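The values are calculated or read from the model by the stated rules, or taken from the named source; none is laboratory data. Small disclaimer: the values here were computed from a predicted structure and weren't measured. Cβ placement follows ideal geometry from the backbone for every residue including glycine, while neighbour counts extend to all protein chains displayed. The protein model used for the area step is the full one, side chains on, heavy atoms only, and it has no ligands, DNA or RNA in it. Shrake-Rupley method; radii C 1.70, N 1.55, O 1.52, S 1.80 Å.
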Amino acid sequence: MDDQDDAAPETFAFGYQPAPVRVSFGPAALAELPRITDRLGLRRVLVLSTPGRARLAAAVADLLGDHCAGICAQARMHVPAAVVEQVRARARDNSADGCVAVGGGSTIGLAKALALDPGLPYVAVPTSYAGSEMTPIWGLTEDGHKTTGKNPAVLPRAIVYDAELTLSLPVVTAVTSGMNAIAHAVEALYAPDTSPFVALLAEEGVRRLATALPRIAEDPSGLAARSDALYGAWLCGTCLGATTMSLHHKLCHVLGGALDLPHAETHTVVLPYALAFNEETAKRQLAPLGRALGTWYPPAALQNLARGLGAPRSLAELGMAEGDIDRVAELVVSQPYANPRPFGLDQARTLLRRAHRGLDV
Ligand code: NAD
């Protein structure tokens, strides 16, 4: 009998809950929006965006014509409760029966708050790669404290992915947002609730993004690369919505919450270090990542990819003071968190020190 006959066949077991969300993907998919809101029975739609995307919000309002109940271009990072309150009042005054959220994670976060209370359904039109539209996770910040929760009611009713809307993403923003998406796929691979299906999505999502980002940098106006990146981001967002995130997301959540560091840039800097920490322990689960990147050592491949395309290199560059390392490390270990390799205060400090200085992984 040879070795293969001796080896027990691998078995697996998992749970998976697909999001009940219709996705429209394609160049010029935005043109479908009026039909989508119509099908959902929405007649008075509030258009949400950040101030930076106000012109796009106005174009969306035009597209909706009589069915637009107003534009609120005041979404901000971390969903401040005061902004939610203003937009809620506007929705009430204008008798809005739904929203369209055009923008990145900040705008979709605002739509999620309105989906929770007063329960307005919404269509997401993502213009970055953050992936919030694929998750039941909501957040709200009040008096400097961010509360988060999980509720399927905050998922959009439909999503429109139109790569033309991402052409305006500056190259470095596309790169950091893309690395943010890749981080979802990485942690989904070793999540406690991962599955072979999620691993397929993660591998293809990373492959698409890692090959698209250099092409975007080379030719920012190329629609094919932007489309590939957006498709990869959707796959990675699906991974995020389907699994429980680990050390990397915990580190970024604390750095964003406690020090107000920028979201996508923080993910970009921290990912190689968090991955290097987990790599040996989770080698088998991470095999699809190596295949997607064509490397035997994914932490260095990701660090080189981001740095080669002009992304920030260290937490110091993002504005973190060296004196904050201990406080952040304490916050990171203050609550138990799923992670393939156990980590304590010393490991958290060492990892943060390396990321702060931007050392090679
Ligand atoms: P963002 O939405 O704040 O966008 C960053 C900036 O980029 C904004 O000024 C925005 O106007 C601009 N922008 C967006 N799309 C653009 C485009 N196509 N062209 C030019 N500029 C554009 O940032 P983000 O990285 O998309 O999202 C980060 C936020 O989302 C964080 O607050 C994070 O916590 C949250 N988030 C939540 C989840 C979740 O599951 N709840 C998941 C991921 C991110």
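Numbers below:
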| read-out | value |
| --- | --- |
| Range in the chain, longest, excluding exposed GluC sites (Glu not before Pro) [loop by DSSP; at most 15 other beta-carbon atoms within 10 Å] | 11-279 |
| The chain: most fluctuating residue of Met320, Met179, Met134 per GNM, C-alpha cutoff 10 Å | Met320 |
| Assigned charges on the beta-carbon of Lys, Arg, Asp, Glu; the chain dipole about Cα centre (debye) | 820 |
| Sparsely packed trypsin sites (Lys or Arg not before Pro) within the range 202-295, loop by DSSP, other Cβ within 10 Å at most 13 | Lys283, Arg284 |
| Accessible surface of the range 119-192, 1.4 Å probe, proportion on carbon and sulfur as whole % | 55 |
| Global geometry of the range 171-357, whether rounded, prolate or oblate, following the gyration tensor of its Cα atoms and the 1.5 cut on a/c | oblate |
| Expected 222 nm ellipticity per residue - DSSP helices of 4 or more, -39500 (n - 2.57), all of the chain, to 500 | -15500 deg cm²/dmol |
| On Cα atoms only, tilt of 298-308 relative to the major axis of the chain in degrees | 50 |
| Local electrostatic count at Ala229 - Lys and Arg +1, Asp and Glu -1, tallied over other residues with Cβ under 9 Å | +2 |
| Long-range amide H partners of Ala130 with built H, under 5 Å | Gly105 |
| Per DSSP, loop chymotrypsin sites (Phe, Trp or Tyr not before Pro) in the range 266-361 with at most 15 further Cβ within 10 Å | Trp296 |
| Reachable lysines from Lys112, criterion Cα separation under 17 angstrom, eight or more residues apart if same chain | Lys146, Lys150 |
